[in-house]
Amino acid sequence: MNYLIAPSVLAADFANLQRDIEMVNRSDADWFHVDIMDGVFVPNISFGFPVLEAINRYAKKPLDVHLMITDPDRYIEAFAKAGASVITVHYEACTHLHRTIDAIKSLGCKAGVALNPHTPVSLLEDVVEDIDLALIMSVNPGFGGQKFISQTYKKVRSLRELSSAINDSLMIEIDGGVNLDNAPLLLEAGANVLVAGNFVFSAEDPISTIHSLKTIETGRKLI
């Protein structure tokens, strides 16, 4: 089974950020998920370029950067220079989405598009063949520790069906409330990148928790 685990740095201990980054380096995790919030697109502010650059100095795994910001086009090049390997923008924040996707790819990064819980996956029909990743928000964006929205399973199945035979290599990422109860169902539905924040960093043994997420058994052959 081939799927990725991306611990969300938003849930790390910022007073011991290097320690938590090194923990993820030692773990079975595949990516670092980095949420960038501007206090405008979402009602919270996280961190910007200095912190991302600091994470990049110590991280030994790719940085999966999720831009929850307005007018992301202004900052795409700066995030690529700061170390992003994957840059995901929100469908709801982009006026010229196809242009934004092309700009991300031109910088050598994988391009992702995120959908808020209320946004139907059908709106990705015209760009699904152009993107590397689609991120489905399984909570309302802006804060960690929220309850998982069960409608997510249906959206994952719909998106996998939409991308079938058009972009079979599409990565479907889930962000928000992921744990060992819902992770198997998400993988069965067609997801193949799982973001986990509080579930990992609040665990008594985060490395063991990541290992448990990485070794889930399902009845479906995953991509």
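With N counted as the residues of the chain, its alpha-carbon radius of gyration over 2.2 N^0.38 Å works out to 0.93.
Remark: the R157-I207 segment gains 15.0 nm on full extension, using 0.36 nm per residue and subtracting the alpha carbon distance. Relative to the globular-protein estimate of 2.2 N^0.38 Å, the Cα radius of gyration of region 1-119 stands at 1.04. Given a cut-off of 15 Å, what percent of all Cα-Cα pairs of region 1-67 lie beyond it? Of all Cα-Cα pairs in region 1-67, 50 percent lie more than 15 Å apart. The length gained by stretching the chain between S150 and S106 to full extension, at 0.36 nm per residue less their Cα-Cα distance, is 12.3 nm.
Quick one: in region 71-129, what % of C-alpha pairs are over 17 Å apart? That tail contains 33 percent of the Cα-Cα pairs. Summing +1 for each Lys or Arg and -1 for each Asp or Glu among the other residues whose beta-carbon sits under 11 angstrom from that of F148 gives -1. When Y3, Y58 are compared by accessible area of protein heavy atoms, the largest-first order is Y58, Y3, using a 1.4 Å probe.
By the helix-only formula, in which each DSSP H run with n ≥ 4 contributes -39500 (n - 2.57) and the sum is divided by residues, the chain has a 222 nm mean residue ellipticity of -8500 deg cm²/dmol. Simple spin-label estimate for T119 and V51 gives 2.2 nm between the two label positions (7 Å along the Cα-to-Cβ direction from each Cα).
Taking all protein chains as they are arranged and a probe of 1.4 Å, the heavy atoms of I207 leave approximately 60 Å² accessible to solvent.
The values are calculated or read from the model by the stated rules, or taken from the named source; none is laboratory data. Everything quoted here is computed from the prediction, not taken from an experiment. Glycine also receives a Cβ, built like all others from the backbone with ideal geometry; neighbour counts cover every protein chain displayed. Surface areas here come from the heavy atoms of the whole protein model, side chains and all, with no ligands, DNA or RNA. Shrake-Rupley method; radii C 1.70, N 1.55, O 1.52, S 1.80 Å.
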